[in-house]
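So the structure is just underneath, and the comments pick up after that.
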Amino acid sequence: MTLAWGVRVRAVTAICLLAGGVSVFGLHGFAAAQGDAPDGPTVAGDAVLRGYLDALAKKRLLAAETGSLPALKKLVQAGERLYLDGRHDAAALVLFEVAESPRFRDFADETEFRGAEYMLARSLTKLGALETAMRYLERVLRRGEKDPYFGPAYRAFVDVALERGRLDDAAERLAALGPTPLPEDAANELHYLRGRAHFDAGRGESAAKEFAAITKTNRFYANGQYLRGVMAARDGDLKRAEGHFCAIAAEGKNNTYSFYVDQRYFEVKDLAQLALGRVAHEGGRSEDAFYYYFQVPQDSERVAEAMFESAYAMYEGGDYETAVDLLDQLEARFPESAFVDEAKLLRGYIHLGRCEFEKADKLFVGFHRRFQPVLDEVDRILESPARQEGLFETLLVEAQYDAERRAKGEKGDASAPSTLLAMLRVDPEFYALHADVRTLDAEAARAGRLAVELGALAARVDGKDAPKPAAKDEQVAWDEAAELRGDLESARAVVRSLGEQLDAMRRSKASPGEIRELDVALVELGGRLAKLERAVGRKAGEAFADADVAAVDATGDGASGGDLTALFAADQRRAQTVPAQVERTREKLVEAGNTIALRSLRVLRDRLGKGLRRARIGRIDAVMGSKHRVEIQIESLAAGRFPPELLDPLRVQGLLRDDEEYWPFEGELWEDEFLESSKGAD
């Protein structure tokens with residue numbers, strides 16, 4: 001009994017890893033051909049798992065006749081407890097057995113069985129196995145709207161599709177599942193999914209029609225209104241855009257709402273308040289913009305953004321005092337916000353508007369001193385292929401160091417590279433790819449011993465002490481590829497080291513001639529390294545693909561073979577290719593991350609260039625303003641007038657009696673009203 005349970009659990013665990021790998025990272029070669037189950041086509045990972053369970057039943061390691069409704073309910077309860085505890089991997093393991101085991105196939109019409117499928121889909125979603133989760137949700141949806149889980153499964157499918165991407169494909173799959181006509185809530189969900197697909201693809205007119213069809217009873221009504229406002233603003237129709245945003249932001253008075261809201265509504269409401277402020281600002285209504293920005297709640301993640309934009313609106317509206325107050329609050333409450341540096345530039349222009357030229361000049365000089373080295377670093381990266389190739393990896397390392405510094409309560413480095421990396425990490429797409437790489441690394445580590453464990457299981461089933469060794473020729477191919485990649489990694493480390501040494505030389509004020517010569521050499525070396533990496537990648541990919549094909553040819557379709565030993569052998573050989581496939585997938589993710597980082601770098605370069613130009617222009621204005629003020633003072637002295645701003649206030653006050661008061665000059669000379677009236681009387 002112990003052997004049977006151990007083999008079953010570890011086999012199911014292995015297949016969960018394989019199925020998760022197929023779903024999350026698109027690794028090919030794991031699964032057998034798709035089959036047709038009684039309730040429709042299954043995902044490849046389901047076919048593999050079903051094959052294992054059938055093979056276990058044939059060898060009597062899994063007794064199909066032991067299945068019963070009480071046993072089903074007990075397993076579902078265990079899976080539910082694990083799910084609610086947040087142990088989604090363990091929950092998926094238990095629920096996989098309910099959904100795929102031959103022990104419970106006769107109970108597919110039971111409510112508990114259907115609930116297990118829905119909960120399995122939710123667990124897989126939490127684990128990131130989105131494609132597999134969508135397949136299990138499709139099982140639920142095929143049973144029609146009378147199924148108690150139809151509504152939740154429809155909403156869950158839309159959520160998974162929005163997270164997964166490829167919305168056009170997801171909308172077609174969902175529409176094909178029926179029924180016709182759809183219930184109101186399901187129809188609204190489909191309208192929003194189609195609308196988002198059109199919106200992301202730039203098909204504004206089609207998107208607007210889909211969003212307009214969403215009724216107020218649906219959770220996506222506010223989202224649809226917001227996106228309609230965004231499209232109207234892009235078209236330049238600010239009045240219509242403001243109407244859509246107001247339809248969201250005006251709700252909630254006396255805690256009453258005219259449409260359905262959930263926790264996501266309040267995030268959309270914050271965005272709508274910001275959008276209203278921007279529309280008012282664009283229309284030159286600074287007071288209205290301030291009002292809308294002020295409505296953003298103090299516990300919102302958008303407060304810093306609202307403060308900065310509100311200060312900018314007040315500056316353009318001529319209310320310098322309010323603008324300064326907002327900037328003071330921004331720097332005090334959010335000192336590490338991405339808007340603080342731009343706020344310093346804005347503060348400089350406010351000082352210019354108030355004729356405080358010395359203060360403005362000081363701020364502009366500080367801005368230039370801080371960001372000119374960052375701009376130089378950006379230019380050096382954009383000129384060097386070696387630095388561009390390693391940008392994403394550098395960002396990953398810097399993110400880790402930054403997290404460690406924050407955990408220790410330490411402040412970040414103020415150097416140009418660190419400032420640059422901090423500004424780049426604002427990009428949300430970079431964050432998403434960063435998370436994908438981390439997830440891939442974690443899952444690859446979890447699956448690292450998969451081939452060994454499958455071999456051990458096969459040995460136990462065959463009654464042997466040790467698994468069979470891998471084929472010699474394949475191992476040699478992988479060893480050669482690993483050696484090549486090791487050499488390339490060493491070369492990359494050397495190039496990175498040269499770049500760091502160049503940075504150190506710049507900080508130590510080395511001669512420009514030495515730096516220029518080494519910089520040219522680094523650029524050339526980086527280009528040669530990039531060509532070599534691409535060539536080795538192609539060769540290694542061909543070798544790994546040949547090994548994968550050889551494994552499939554040698555073992556055949558293991559999922560449909562029905563023999564447990566053959567299944568173990570097939571999946572063991574396939575699992576041996578996992579490290580190579582993970583490495584290739586990681587390279588693709590890193591390459592995509594590098595592309596996004598470089599795109600963000602170019603955007604940042606434009607922002608920095610514009611900011612530094614504004615700082616230079618502001619400094620010129622400050623110097624010219626100071627010069628013009630001195631000229632006016634000289635003219636006043638030449639005309640026999642002592643400029644009021646040159647008077648020493650303390651000296652003047654020292655000449656006053658206790659019952660006298662000094663009023664400073666306010667810019668205009670008025671004749672005494674008493675004298676005026678006396679002249680009239682005479």
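Here the simple spin-label model places points 7 Å from the Cα toward Cβ, and for Glu205 and Asn254 these points are separated by 4.3 nm.
So if each residue of separation counts as 0.36 nm, and I subtract the Cα-Cα distance between Met624 and Asp328, what length gain in nm does that give? Intermediate values should be presented prior to the final figure.
On the way: separation 296, 0.36 × 296 = 106.56 nm, distance 2.69 nm.
Computed gain between Met624 and Asp328 is 103.9 nm.
Given their separation in residues at 0.36 nm each and the Cα-Cα distance between them, Ser497 and Lys58 gain 152.1 nm when the chain is fully extended.
Quick check: at a probe of 1.4 Å, how many percent of the accessible area of the stretch 139-206 sits on carbon and sulfur atoms? Mind dumping the intermediate values first?
Numbers: 1490 of 3110 Å².
About 48 percent, which is the carbon plus sulfur part of the accessible surface.
Please work out the FRET efficiency for the pair Ile617 and Asp85, using the Cβ-Cβ distance as r and a Förster radius of 45 Å; give the result to the nearest 0.05.
Details: r = 59 Å, r/R0 = 1.32.
Taking R0 as 45 Å, the efficiency between Ile617 and Asp85 is 0.15.
The heavy atoms of Asp325 offer some 80 square angstrom of accessible surface to a 1.4 angstrom probe.
For Phe294 and Glu661, a Förster radius of 60 Å and the Cβ-Cβ distance give a FRET efficiency of 0.95, rounded to the nearest 0.05.
Per-residue surface analysis assigns Glu110 an accessible area of about 70 Å², computed on protein heavy atoms at 1.4 Å probe radius.
What shape does the stretch 313-362 take by its C-alpha gyration tensor, where a ≥ b ≥ c are the square roots of the eigenvalues and a/c under 1.5 counts as rounded, a/b above b/c as prolate, and the rest as oblate? Kindly include the intermediate steps, with their values, before the conclusion.
Working: a/c = 2.16, a/b = 1.40, b/c = 1.54.
Note, shape of the stretch 313-362 comes out oblate.
Give me the extension gain from Glu267 to Ala71: residue separation times 0.36 nm, minus the current Cα-Cα distance, reported in nm with one decimal. Working shown, then result.
On the way: separation 196, 0.36 × 196 = 70.56 nm, distance 4.34 nm.
Difference between extended and current length: 66.2 nm.
Computed in the context of the full set of protein chains, the accessible area of the stretch 239-308 at 1.4 Å probe radius has 49% of its extent on carbon or sulfur.
What residues of the stretch 212-242 lie in the reach of a label at Ala338, counting those whose backbone N is under 13 Å from a point 7 Å from the Cα along Cα→Cβ? Answer for the stretch 212-242: none.
Could you sort Tyr192, Tyr315 by their accessible area in this structure, using a 1.4 Å probe and putting the largest first? Working shown, then result.
Values: Tyr192 10, Tyr315 50 Å².
Descending order: Tyr315, Tyr192.
In the context of the full set of protein chains, the stretch 142-225 has a per residue accessible area of 45 Å² (1.4 Å probe). Sorting Ile515, Ile632 by accessible area puts them as Ile632, Ile515; the probe is 1.4 Å, largest comes first, and only protein heavy atoms count. Using the Cβ-Cβ distance between Ala445 and Glu591 with R0 = 25 Å, the FRET efficiency computed as 1/(1 + (r/R0)^6) comes to roughly 0.70.
Modelled this way, with points 7 Å down the Cα-to-C-beta line, the labels at Leu238 and Ala435 are 3.5 nm from one another. Assign one of three labels to the stretch 132-198, namely rounded, prolate or oblate, based on the Cα gyration tensor with a ≥ b ≥ c the square roots of its eigenvalues; rounded applies when a/c is under 1.5, prolate when it is not and a/b is larger than b/c, and oblate otherwise. Here the stretch 132-198 falls in the oblate category. A simple spin-label model places pseudo-atoms 7 Å from Cα toward Cβ; at Lys509 and Ala176 they are separated by 7.0 nm. Among Ile596, Ile634, Ile248, the sequence by solvent-accessible area, most first, with a 1.4 Å probe is Ile634, Ile596, Ile248.
The values are calculated or read from the model by the stated rules, or taken from the named source; none is laboratory data. Just so it is clear, the structure is predicted and the values come from calculations on it, not from any experiment. Note that each Cβ is placed from the backbone with ideal geometry, even for glycine, and that neighbours are counted across all protein chains shown. When the accessible area is computed, the model is the full protein with side chains, heavy atoms only, and any ligands, DNA or RNA have been set aside. Shrake-Rupley method; radii C 1.70, N 1.55, O 1.52, S 1.80 Å.
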